[in-house]
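S.K.: Attaching a single structure in structure tokens format; questions to follow.
The values are calculated or read from the model by the stated rules, or taken from the named source; none is laboratory data. As the structure is a computational prediction, the values presented were derived from the model and not from experiment. All Cβ positions, even for glycine, are placed from backbone atoms using ideal geometry, and neighbour counts span all protein chains on display.
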Amino acid sequence: MICLGIESTAHTLGVGIVDGGKTLANSKRMYRPQAGQGIVPRAAADHHAEAFSQVLREALDTAKVAASEIDLFSFSQGPGIGQCLRVSCAGAKFLSSKYSKPILGVNHCHAHLEVSRSLLGMKDPLYVYVSGANTQIITERRKPRKGQMRFLVLGETLDMGLGNLFDVFAREAKIFPAHGGEVARLAAQGSYFPLPYTVKGMNFAFAGLLTSAVRSIGTRKTEDIACSLMETSFAEICEAAERALCLTGKSEVTVCGGVAQNARFCGMLAQVCEGHGARFGVVAPEYNADNGAMIAFTAISEWQKGKREKIDALKPNGYWRIDEVT
Ligand code: FE2
């Protein structure tokens with residue numbers, strides 16, 4: 001089965017084409033806000049709409065398939081920025097109608113989890129999901145009555161996502177580009193000093209940490225603040241993940257989402273896993289950044305489980321939580 005997946009929940013427009021378990025194409029374009037700004041929803045949606053035909057053509061050319069050869073169209077239905085979500089929804093609906101092929105809406109968080117699980121060949125891992133807006137520790141559980149698998153959020157951020165923490169700090173510290181990757185580069189050159197650390201059971205919070213980090217700007221070296229910000233936030237998630245690992249007794253752990261591209265964080269989690277005899281895995285950065293292939297992978301998996309949807313009933317759901325996925 002060849003599936004085309006469209007991603008547009010936030011800053012990235014992606015079109016991926018997957019044939020069974022093989023990625024044929026994974027094209028993308030990123031909306032870049034002006035210096036000092038976060039995502040402007042209307043501007044990001046305009047970017048995605050304008051780039052859509054180009055990214056679609058690039059993906060089809062790379063995959064060497066015609067649009068008429070696609071068996072299933074899919075799109076990121078949520079959660080995300082409403083105006084951005086409308087682009088992938090409209091695009092997938094148009095293609096599904098034009099070529100008379102089925103369509104599925106995919107939960108963006110589920111896609112991050114599923115692409116990691118399937119590419120790593122894991123059966124039932126503990127998921128540490130770290131992205132811009134979402135930071136959660138997730139497991140799958142079987143519902144006693146119906147026997148269905150549902151996602152269960154064991155712990156999560158009580159305020160902002162991990163990626164947003166780094167982006168906001170970067171903007172306040174006038175780091176450009178204001179992105180976690182740049183904060184990580186500075187952190188590697190810095191030294192640690194204590195900052196507020198908040199873990200409550202398997203939940204964690206970053207607001208106090210951010211406030212203290214921002215207040216340190218100008219009084220401490222930016223590299224040292226970046227180092228302490230990252231070490232503290234990563235340690236919070238590792239503590240919560242370790243607690244979840246002990247509770248569930250899982251033998252596999254994967255980290256997924258945009259911040260899973262951070263080598264230091266992966267190293268810390270791998271150490272936690274080693275201490276508990278659990279296998280740790282992370283997929284290539286291409287699949288942890290937002291991308292269309294993860295949407296297609298998940299749509300194929302859902303299709304094979306028997307999921308079918310009516311095109312007219314599909315609409316974006318900006319607040320679709322992972323534990324509402326059925
Ligand atoms: Fe994402």
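S.K.: Residue check: is G155 away from the ligand (no atom under 16 Å from the Cβ) and either in a strand (DSSP E or B) or crowded, with 22+ Cβ neighbours inside 10 Å (or both)?
M.R.: On the way: away from the ligand (no atom under 16 Å from the Cβ): yes; either in a strand (DSSP E or B) or crowded, with 22+ Cβ neighbours inside 10 Å (or both): yes.
When the stated conditions are applied, G155 passes them.
S.K.: Can you tell me how many residues in region 292-326 are among the acidic types (D, E) and under 28 Å from G155 (Cα atoms)?
M.R.: Residues of region 292-326 among the acidic types (D, E): 302, 309, 312, 323-324.
When the remaining residues are screened for being under 28 Å from G155 (Cα atoms), the result is 302, 323-324.
Qualifying residue count for the region: 3.
To keep it simple, each residue is scored yes or no on (1) over 19 Å from F265 (Cα atoms); (2) surrounded by fewer than 16 Cβ atoms within 10 Å (Cβ to Cβ); (3) without any contact (Cβ under 8 Å) to a residue 40 or more places away in the chain; (4) touching a Lys or Arg at 6+ places or on another chain (Cβ under 6 Å).
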site	(1), (2), (3), (4)
H179	no, no, yes, no
E182	no, no, yes, no
L186	no, no, no, no
S191	no, yes, yes, no
P194	no, yes, yes, no
K200	yes, yes, no, no
A205	no, no, no, no
L209	no, no, no, no
D224	no, no, yes, no
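S.K.: Of all the residues that make up region 63-80, how many are in contact (Cβ under 8 Å) with a residue 12 or more places away in the chain and over 16 Å from I295 (Cβ atoms)?
M.R.: Within region 63-80, the first condition is being in contact (Cβ under 8 Å) with a residue 12 or more places away in the chain, and the residues that meet it are 63-65, 67-80.
Those still in the list that are over 16 Å from I295 (Cβ atoms) too: 64-65, 67-69.
Qualifying residue count for the region: 5.
S.K.: Provide a single number: the residues in region 310-326 that are surrounded by fewer than 16 Cβ atoms within 10 Å (Cβ to Cβ) and either more than 22 Å from the chain's Cα centre (by Cα) or closer than 20 Å to G257 by Cβ (or both).
M.R.: The qualifying residues number 8.
S.K.: If you check L113, L119, L95, L104, which single one turns out to be among the aliphatic types (A, V, I, L, M), surrounded by fewer than 22 Cβ atoms within 10 Å (Cβ to Cβ) and closer than 23 Å to R150 by Cβ? Don't jump to the end; show me each part of the working.
M.R.: Values: L113 fails: surrounded by fewer than 22 Cβ atoms within 10 Å (Cβ to Cβ); L95 fails: closer than 23 Å to R150 by Cβ; L104 fails: surrounded by fewer than 22 Cβ atoms within 10 Å (Cβ to Cβ).
Criteria check complete, one pass: L119.
S.K.: Sort out for me the helices (runs of 4 or more DSSP H) sitting completely within region 215-326 that have 3 or more residues that are within 16 Å of the ligand (Cβ to nearest atom) and at pLDDT 95 or above. Steps first, please.
M.R.: Working: elements: 222-248, 263-275, 285-288, 292-304.
Once the helices (runs of 4 or more DSSP H) in region 215-326 are filtered for at least 3 residues that are within 16 Å of the ligand (Cβ to nearest atom) and at pLDDT 95 or above, what remains is 285-288, 292-304.
S.K.: Go through (1) in the same structural domain as E7 (by TED's automatic domain parsing); (2) within 15 Å of the ligand (Cβ to nearest atom); (3) in a helix (DSSP H, G or I) for N164 and report which single condition fails.
M.R.: (1)
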